[in-house]
Amino acid sequence: MSLLVVGLSHRSAPVSILERAALPADTQAKLLQDTLAAEPAAEGTVLATCNRIELYADVDKFHAGVAELSTLLAQHSGVGLDELTPYLYVHYEDRAVHHLFSVACGLDSMVVGEGQILGQIKDALALGQELHTAGRLLNDLFQQALRVGKRAHSETGIDRAGQSLVTFGLEQLADGTDVDTWAKGKKALVIGAGSMSSLAAATLARSGVSEIVIANRTLARAERLAQILSEAGGTGVAAHAVEMVAVGDELTRADVVVSCTGATGLVLTGDDVENAVQGRRTPLALLDLAMPRDIDAAAHRVPGVRLVDIESLAEASADAPMAADVDQVRGIVSDEVAAFGAAQRAAHITPTVVALRTMAADVVAGEVARLEGRLPDLDEKQRAEITQTVRRVVDKLLHAPTVRVKQLASEPGGAGYADALRTLFDLDPETVASVSRADLNDADVKNRGRV
């Protein structure tokens with residue numbers, strides 16, 4: 001296993017850099033295709049959220065891999081390599097596994113313990129599978145990361161350590177007041193109809209707002225979300241959809257606005273916000289969860305407007321207390337990293353063991369055939385008994401060493417045992433490689449559709 005991750009997040013880079021480096025969906029696909037075309041990478045996938053961009057790859061050369069992945073991130077993000085490099089972090093092999101498992105558990109999130117990251121990891125794996133850039137290693141890794149994250153949330157109280165970015169943002173807008181008390185009776189405008197916007201709309205509805213307007217570039221998606229919110233089985237709040245051209249008018253009626261779109265430019269300018277509050281007596285609360293930002297930072301300076309965005313959330317989260325459950329989750333992560341590493345090392349030697357047993361079976365078949373030529377008068381029962389005896393002898397001779405070599409290979413530093421086995425038994429490298437290819441194809445078939 002030669003797992004490498006190169007990335008940047010809210011922990012390593014200022015929001016201004018993260019904002020510029022944000023990767024739209026089509027750019028992510030091109031990045032992965034170019035990653036596989038690069039010399040050191042055999043497979044890859046990208047984890048891109050509002051506060052992190054990470055490129056995962058299976059590489060055969062560490063230094064060349066770091067250089068290539070860093071260059072690709074710079075090229076596709078549009079931030080120059082010299083400017084981007086000081087904010088990049090690199091994790092390799094077990095440390096890369098530890099990093100992803102920590103991310104999956106919410107330990108590396110802006111709001112510690114939030115569970116939305118699991119959906120984003122699931123999306124990253126789905127993209128790699130769709131583009132066929134995620135092979136056996138990344139399929140195994142991301143599937144296990146999802147299981148580790150779910151385990152952390154089910155076995156510990158990590159959920160108490162934090163909440164979703166939406167809830168945290170609304171708490172900042174409420175400024176010390178209970179969110180339900182603050183939101184009750186307000187009219188809300190949600191711009192966007194993706195996963196984050198949908199979560200925001202549902203959270204606002206549960207908090208007691210009287211009305212929610214959904215604006216989206218694709219009206220049909222906005223209408224579906226509004227219908228879900230309005231139905232008796234949903235939240236029951238009064239909700240309806242509008243086209244994006246109506247946002248200016250809706251802004252004058254709204255008390256709270258949450259925006260999270262995939263737009264590359266501003267959705268609300270400073271002038272839009274200033275025009276919306278002219279003549280009104282009630283304050284306007286704005287929550288911008290997009291990266292890059294949807295709402296002009298100049299809105300901060302408009303009287304009667306309170307704007308909370310990713311940058312201010314990052315500052316606020318730095319002072320958030322951590323729950324005691326975090327230590328328990330860290331223990332889970334450490335245990336799972338060790339188990340994953342052992343499983344990967346053991347799997348690495350499996351093709352060699354299979355090739356050894358295949359060679360032994362060929363030797364048995366050859367000797368039985370030779371015996372039949374020398375003793376043609378043997379009946380079927382005698383021939384079967386001799387064949388079975390020879391097979392048992394070979395199986396018994398191979399059992400202890402093959403079991404032991406798998407145990408040794410699963411331990412740290414055990415990668416060399418496969419090479420030793422191939423050398424000692426003069427195994428055909430192509431036979432071993434063919435077993436590995438078959439395993440990879442089986443893993444690809446099994447993992448398709450599992451996310």
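Per residue, the chain exposes an accessible area of 48 Å² to a 1.4 Å probe, with every protein chain left in place.
Check the straight Cα-Cα distances from K150 and name the lysines below 20 Å, setting aside those fewer than 8 residues away within the same chain. Answer for K150, where 20 Å is the Cα cut-off: K122, listed by chain and number.
Each label point was placed 7 Å from the Cα along the Cα-to-Cβ direction; for D327 and R217 their separation is 4.8 nm. Of interest is the spacing of the C-alpha centroids, which for the stretch 172-187 and the stretch 354-379 amounts to 80 Å.
Computing FRET efficiency as 1/(1 + (r/R0)^6) for D178 and H63, where r is the C-beta to C-beta distance and R0 is 56 Å, gives about 0.60. Of all beta bridges that DSSP places with both ends in the chain, some 45 percent have antiparallel geometry.
Estimated at 0.36 nm per residue, the fully extended path between D34 and L81 surpasses their Cα-Cα distance by 15.3 nm. What does the net charge come to around A241 if you take all other residues with beta carbon closer than 13 Å to its beta carbon, with K and R at +1 and D and E at -1? It works out to a net charge of -1.
Only protein atoms count toward the accessible area here, which uses a 1.4 Å probe; on the chain, the carbon and sulfur part of that area reaches 52 percent. What do you get for the angle between helix 62-77 and the principal long axis of the chain? Use alpha-carbon atoms, 0 to 90 degrees, nearest ten. That helix lies at roughly 30 degrees to the long axis. The smallest convex shape that holds all Cα atoms of the stretch 147-267, its convex hull, gives 136 Å³ per residue. Roughly what angle does helix 94-104 make with the longest principal axis of the chain, taking Cα atoms, 0 to 90 degrees, to the nearest 10? That helix lies at roughly 40 degrees to the long axis. For trypsin sites (Lys or Arg not before Pro), the sites in the stretch 271-358 that DSSP calls loop and that have at most 13 other Cβ atoms within 10 Å are R280, R281. Within the shell of other residues whose beta carbon sits under 15 angstrom from the beta carbon of D34, the net charge comes to -3, with Lys and Arg scored +1 and Asp and Glu -1.
Cα centroids of the stretch 250-325 and the stretch 94-171: 26 Å apart. Label positions at I386 and L131, each projected 7 Å from the Cα along the C-beta direction, are separated by 6.0 nm. Straight Cα distances below 25 angstrom link K61 to the lysines K30, with same-chain residues fewer than 8 positions distant left out.
The values are calculated or read from the model by the stated rules, or taken from the named source; none is laboratory data. Just so it is clear, the model here is predicted, and its values are computed rather than measured. Glycine gets a Cβ as well: all are built from the backbone with ideal geometry, and neighbour counts include every protein chain shown. Areas reflect the complete protein model, heavy atoms only, side chains present, ligands, DNA and RNA absent. Shrake-Rupley method; radii C 1.70, N 1.55, O 1.52, S 1.80 Å.
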